[in-house]
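> I'd like to ask you about the structure that follows.
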Amino acid sequence: MRTRTTTATNGLVTALAALLVLTGCTASGDGRPAASSSVASVPAQSGGGSGFEGPRPQDQNLLAWTGDPNDAGHVTAQSAAGVGGRVTLVRIVLREQITWSNVWLGLAGIDPSAQLANCYLGVYDAKGALVATTPDISPQLMTDAIAKPFALGKPFTAAPGTYFIALLLNGTWATNGLTLKSTGAGISVNAGLTPPNLRYSNLLTGQTSLPPTVNLAEQSTSTINTGWASQWYAIS
């Protein structure tokens, strides 16, 4: 009986010692257990990687844009015969309500010998109604090849939704003289889209002003697919 008691006691002591080792505890000189050592916790990794979201329009004092201007490293050009009198439309989607005062355009090059008249920027809503337009911007297209704002005749409150920035050019110019900043997307800009929701399109011919309404179902890519696409625009 004594032998069994001793064996059981020894087994209990061994198990207790193993438990103390596993919990990081050691016996101090006065018989009290020492404080367990702490282990630094490792922050959990989030599923979003580094969290970098890229530049936003607000980082450059703008309200919206067709894309990061840093990616607009190409130029787009067309002859006066090819694009003159045609309305070019660029779709932009607003995620929040804004007061729209200016349309920014990246003017890549100018033609000092150009003869321009009846050139406009404007804004159409998703139903094809003209909601704002600039005065004739011909003089501004003749100077300062930079990204710059073109003021609308009257700022307006734009609710969240789809809009189309319209550009109308008229006159004569050297094809590779008057050029706009763009990305290199080319004809792939409308991948997955059909009228009336094309991202880049053209409408009508022989226009000397932006019409009060356009039929977006008639969107065409006749000039878009020949190098007149991917222009960079922004809003302020």
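> Which one of Asn61, Val90, Ala147 is farthest out on the positive end of the charge dipole of segment 60-235, using unit charges on Cβ (Lys, Arg +1; Asp, Glu -1) and the Cα centre as origin?
Farthest towards the positive pole: Val90.
> Based only on Cα atoms, what mean projected area does the convex hull of segment 159-236 have, in nm²?
The directionally averaged projection comes out at 6.5 nm².
> With Rg and the Kirkwood Rh both taken from Cα atoms, where does Rg over Rh land for segment 60-235?
Rg/Rh: 0.92.
> While we're looking at this one, here's another question. Using Cα centres only, tell me the gap between segment 190-236 and segment 88-154 in whole Å.
14
> For every other residue with a beta carbon closer than 9 angstrom to the beta carbon of Leu203, add +1 if it is Lys or Arg and -1 if Asp or Glu, then tell me the sum.
Cβ neighbours under 9 Å give a net charge of 0.
> What percent do you get for the relative contact order of segment 60-235 when only Cα pairs under 8 Å and 6+ apart count?
38
Read-outs: derived from the displayed coordinates by stated rules, not from any lab. As the structure is a computational prediction, the values presented were derived from the model and not from experiment. A quick note on method: Cβ atoms are made from the backbone with ideal geometry, for glycine too, and the neighbour counts reach across all protein chains shown.
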